[in-house]
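What follows is a single structure, written as structure tokens, with notes after it.
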Amino acid sequence: MTKYVLRETALNLLTRIGEQGGYSHVLLDREINKLNLSAQDGGLLTEIVYGTLQRRDLIDFYLEPFTAKQKKIKPWVRWLLYMSVYQMVFLERVPDHAIIHEAVEISKKKGHKGISSFTNGVLRNIQRKGIRDLDEIKDPIQRLAVETSHPKWLVERWVSQYGKDVTEDMCRANMHHLPMSVRVQPLRLTRDEAMEQLREDGYKVEESIFSKQGFIVSQGNILNHPLFQEGKLTVQDQSSMLVAEMMDLEKGMTVLDACSAPGGKTTHIAEKLEDEGTVIAYDLHEKKAKLVNEKAEQLQLTTIKASQADSRKLDERHESDTFDRILLDAPCSGLGVLRGKPDIKYHKKKEDIFSLRKIQDDLLEKVSPLLKEGGKLVYSTCTVDRHENEEAVQHFLKAHPEFQLDPTFTDDLPEELKSSTGLSEYGLQLFPQDWDTDGFFLTRFVRKSE
């Protein structure tokens, strides 16, 4: 693929994601597969798309002096400028003149002479005069928000919850793409066997501390390897692997996964059960529930039964005291996964946190009676907001004296996590900067025996 076509593809993706709210990781993976890109071209496309999205507001700050007089800029032109400035400032291996030339050629093809002249003028001005100094911004919160391209309301919220230092580290961590991590299907091969084979094939891998099934792939495209294609490996962030590890599972148990798609945690549960028992999985959307069954089939797991349902109405399908274990990986704001889905931070609003919390409370209220006495319920989210995490736990415990936080929760954590900065009396908050993972929260309730 020529670099021109690659950058035109990047522009189309950025415009769609930025203006229509498409999921960046889904659209990017789909485009790489559709175009059958080489590892090198796929890497460059990923770098341009993610890098531009992660730094959108900072690039806008750099562009503002050169575009302020232009009354209206078409969305695709703005994204073309964003991705071009990103490459000029942050990608050393691409010369400025080549970036400007390709941007002008793309603008000629998609627009008219006036647009191409405008694009050329803006980019050459930046090349000649350089970019603005962030010290122009006197408010430290605003400066951090712009520098790391996070909404100011979100930075302020995190500072109020976790302090300036943790917030700054978190914002900076979100500027860097998440390393790939995978989980072995242990009924088909061991982690050591998988890592040895991958190393022989030129991959760079290292063990994960979060799960004895997990490891990190820092070099090599795991999606192209036979181990992945044969269903012996599945991609999963390390923080998500911790969920099944903390469910205290035993063979033969009956387990509910109330919000299961796309199935990473569901299949991990089945693996921890050694595929002996029953895993009932639900998702609100039928297509997503189907994905869970497909993933189970790919990994050759037989104990999973996934179907569509609103888990707030599961009392219509199941009796009380049915399940030995329940996982509620609740719908949330997703503010912990900005490294892999940077577009979320531009579309999310403060109000979303409160409306989602209502759903989280309703789900806990409805699924908790389905747990047997002495059973355990793991509550998890992929966010870093206390209102959705610790405060949701406090609210549930206050309303349900028949439940308590499992006193053995901390004891069961991997040794390295027992001293984590995010560990509190209500559970474990993982910050993206601490272990190079998604931001994630989990805790474990026990239903008391009468």
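Collect the residues in the range 179-195 that are open to solvent by 30 Å² or more (accessible area, probe 1.4 Å) and among the aliphatic types (A, V, I, L, M), keeping them in residue-number order.
We begin by selecting, within the range 179-195, every residue open to solvent by 30 Å² or more (accessible area, probe 1.4 Å); these are 179-180, 186-188, 190-193.
Selection gives MET180, LEU187.
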Could you give every pair whose Cβ atoms fall below 6 Å, whose first residue belongs to the range 249-267 and is over 19 Å from GLN300 (Cβ atoms) and open to solvent by 10 Å² or more (accessible area, probe 1.4 Å), and whose second residue is in a helix (DSSP H, G or I) and basic (Lys, Arg), counting only separations of at least 6 or pairs across chains? ALA261/LYS288
In the range 379-436, what count of residues is obtained for those that are aliphatic (A, V, I, L, M) and within 13 Å of SER239 (Cβ to Cβ)? 5
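Can you tell me which residue in the range 1-23 is modelled with the highest pLDDT, limited to those that are open to solvent by 50 Å² or more (accessible area, probe 1.4 Å) and closer than 12 Å to GLU102 by Cβ? Write out each step before concluding.
Narrowing the range 1-23 to residues open to solvent by 50 Å² or more (accessible area, probe 1.4 Å): 1-5, 12, 16, 19-20, 23.
Those left that are additionally closer than 12 Å to GLU102 by Cβ: 2-5.
Working: THR2: 63, LYS3: 64, TYR4: 72, VAL5: 84.
That would be VAL5.
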Working carefully through the options VAL235, VAL279, VAL217, find the one that is in contact with a strand residue (DSSP E or B) (Cβ under 6 Å, 6 or more places away or on another chain) and open to solvent by 50 Å² or more (accessible area, probe 1.4 Å). VAL235
If you scan the range 419-435, which residues turn out to be touching a residue at least 60 places away in the same chain (Cβ under 8 Å) and not hydrophobic (A, V, I, L, M, F, W, C)? THR421, PRO432, GLN433
With the condition being polar (S, T, N, Q) and modelled with pLDDT of 95 or more, I'd like the strands (runs of 3 or more DSSP E) fully within the range 211-292 carrying at least 1 qualifying residues. 233-235, 254-257, 278-283
Kindly check whether there is at least one residue in the range 24-35 that is open to solvent by less than 60 Å² (accessible area, probe 1.4 Å), farther than 13 Å from GLU8 by Cα and not aliphatic (A, V, I, L, M). yes
Cβ contacts < 7 Å: first residue at negative phi, restricted to the range 397-408; second residue of a type in the set (Gly, Ala, Ser), any location; separation 6+ or different chain. Result? HIS400/SER368; PHE403/SER368
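Each row is one residue, and each column tells you yes or no for (1) more than 20 Å from ASP237 (Cβ to Cβ); (2) among the aromatic types (Phe, Trp, Tyr).
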residue: LEU299; (1), (2): no, no
residue: PHE323; (1), (2): yes, yes
residue: GLY334; (1), (2): no, no
residue: LYS348; (1), (2): no, no
residue: SER355; (1), (2): yes, no
Filter result (open to solvent by less than 40 Å² (accessible area, probe 1.4 Å) and assigned to a loop (DSSP other than H, G, I, E, B)) within the range 293-309: LEU299, LEU301, THR303, ALA309
Filter the range 27-63 for residues that are of a type in the set (S, T, N, Q) and part of a helix (DSSP H, G or I); which is modelled with the lowest pLDDT? ASN33
Which of the residues belonging to the range 246-287 are under 23 Å from the mean Cα position of the chain (by Cα), over 16 Å from LYS212 (Cβ atoms) and of a type in the set (Asp, Glu)? ASP257, ASP283, GLU286
Among the residues of the range 310-350 satisfying the criterion of being out of contact with any Lys or Arg (no Cβ under 9 Å at 6 or more places or on another chain), open to solvent by 40 Å² or more (accessible area, probe 1.4 Å) and among the basic types (Lys, Arg), which is farthest from ASP29 (Cα to Cα)? ARG317
Quick test for you: out of ALA296, ALA330, pick the one residue that is touching a Ser or Thr at 6+ places or on another chain (Cβ under 9 Å) and farther than 30 Å from LYS152 by Cβ. ALA296
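Does GLU286 qualify as being open to solvent by 30 Å² or more (accessible area, probe 1.4 Å) and out of contact with any strand residue (DSSP E or B) (no Cβ under 7 Å at 6 or more places or on another chain)? It would help to see each step written out before you state the result.
Numbers: open to solvent by 30 Å² or more (accessible area, probe 1.4 Å): yes; out of contact with any strand residue (DSSP E or B) (no Cβ under 7 Å at 6 or more places or on another chain): no.
In short, no.
The values are calculated or read from the model by the stated rules, or taken from the named source; none is laboratory data. Being a predicted model, the structure only gives us computed values, none of them experimental. For neighbour counting, all protein chains shown are included, and Cβ atoms are generated from backbone atoms with ideal geometry for every residue, glycine included. With ligands, DNA and RNA removed, areas are computed over all heavy atoms of the protein, side chains included. Shrake-Rupley method; radii C 1.70, N 1.55, O 1.52, S 1.80 Å.
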